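The values are calculated or read from the model by the stated rules, or taken from the named source; none is laboratory data. Note that the structure is predicted; figures quoted are calculated from it, not measured. Cβ coordinates were reconstructed from backbone atoms using ideal geometry, including for glycine residues, and neighbour counts include every protein chain displayed. Side chains included, ligands, DNA and RNA excluded: accessible areas come from the protein's heavy atoms. Shrake-Rupley method; radii C 1.70, N 1.55, O 1.52, S 1.80 Å.
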Amino acid sequence: MKLSFSIYPLIILLVLTVLPLSCNSQDKNKAVQVTIEKEKPKGEQIGEYVVETFQDSKGYIWFGTLEKGIAKYDGNTLKYLTTNDGLPSNRVTTVVEDDLGNLWFGTGAGISKFDGKTFTNYSEKDGLCNNLVSNLFIDSKGIFWIGTWGGVCKFDGTQFEKFQIPYPKIETTINPDTKDWITTISEDKNRNIWFGRDGYGASKFNGNSFIHFTTKEGLNSNNVQSIVEDKTGNIWIATRVAEKDNADANKRFGKGGLNKYDGQKFNYFPEIEGLNESDVFTIYKDNSSDLWISTTSHGVYNYTNNGFVNYKVPTSTMTFLEDTKGNIWLGCAGGLYKIKQNGETINITTNGPWK
């Protein structure tokens, strides 16, 4: 499913809310392409927009959707949890698990703690900075970060604390509706916390001060969607083309795509289709520390052994998960897909195929 430029602002609101100069010499310039064997889906799609995939410590796999709540697959059956069960909203955009085994869901109406039986919900009336939650992250020190459309909060289990990120000086136009949207939160090996922002680039926090990365520093776009550190310490940053928000359809083009920061400069990938002057919504580091990278119309790429392997997934990927069996799950705008260990890509519906 291609994203139509004419409906792009709507897609940003519905999907992305949920909701890194030339290549290094060691990077391969061409992507290996994997042929897909299509399998006719059976049953309904898990969700029209599957925006989160998560495997908990018990091995259960969770799928967050924008409209159907969250689905749990226990290895045998698929079960949905919705507002009828205690969720504050059927829009579930992010999941984390704490050290006690509780699951935390970020939703369109605050956050929710699930102990396996009951939900405990928190919203703006409890001190949350904004009810529209985009991401949850527990860092190596146990600090619970909450990214929202109204900035960042820290949470100690009882009280919320607003965390202010400075606004860097930028030259590009800011969308007032998304200027406080925190698109991603991650941590590097030096325990720096990285924040992705829509319009203000990436911000690195070392515990005391901030360093900002915008187009002035070399980013393709200030509209950052995902930030991941690879196994050698490079920071990969996914961006989208800010100009696609332009009301004039003839001006909806510009820089975006994948950026890699080696600590001194940014590198780009113009030779790889879909990774330059395009949108990259998410980057994921799998259990082998290889990277998975989404595109809007060129499937997904697995960056492994310094080269790109392409999988022609027929829709835009919002989230990745490698399960304990080595399967790659893709939450997409259009349903759920899985890349099996043999490289076959299949659509997973409510009736499977799960195996």
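By accessible area of protein heavy atoms, probe 1.4 Å, what ranking do ARG197, ARG191, ARG91 get, highest first?
ARG191, ARG91, ARG197
Size of the dipole of the chain about the Cα centre, Lys and Arg at +1 and Asp and Glu at -1 on the beta carbon, nothing else charged, in debye to 20?
Charge dipole, the chain, about its Cα centre: 360 debye, nearest 20.
Given the peptides 92-103, 71-82, arrange them by the average over their residues of other C-beta atoms within 10 Å, most packed first.
By packing density, highest mean first, the sequence is 92-103, 71-82.
Could you tell me what percent of the accessible area of the chain is made up of carbon and sulfur, with a 1.4 Å probe and every protein chain present?
46 percent
Rank PHE213, GLY43, VAL228 by how far each Cα sits towards the positive end of the charge dipole of the chain (+1 on Lys, Arg Cβ; -1 on Asp, Glu Cβ) and give me just the farthest.
GLY43
Sort segment 131-231 into rounded, prolate or oblate with this rule: let a ≥ b ≥ c be the square roots of the eigenvalues of the Cα gyration tensor; rounded if a/c is under 1.5, and if a/c is not under 1.5, prolate when a/b is larger than b/c, oblate otherwise.
oblate
With mean projected area of the Cα convex hull in nm² defined as stated, name the option among [x] 17.8; [y] 17.0; [z] 22.7 computed from the structure displayed.
[y]
Only Lys, Arg, Asp and Glu count, each charged at its Cβ (+1, +1, -1, -1), so figure out the dipole size of segment 199-317 about its Cα centre, rounded to 20 debye.
160 debye
If you roll a 1.4 Å probe over the heavy atoms of the protein chains, what accessible area per residue do you get for the chain, in Å²?
Heavy-atom accessible area per residue stands at 44 Å².
Which length gain, in nm to one decimal place, applies between LYS125 and THR172 when the Cα-Cα distance is subtracted from 0.36 nm times their residue separation?
Length difference between fully extended and current span is 13.5 nm.
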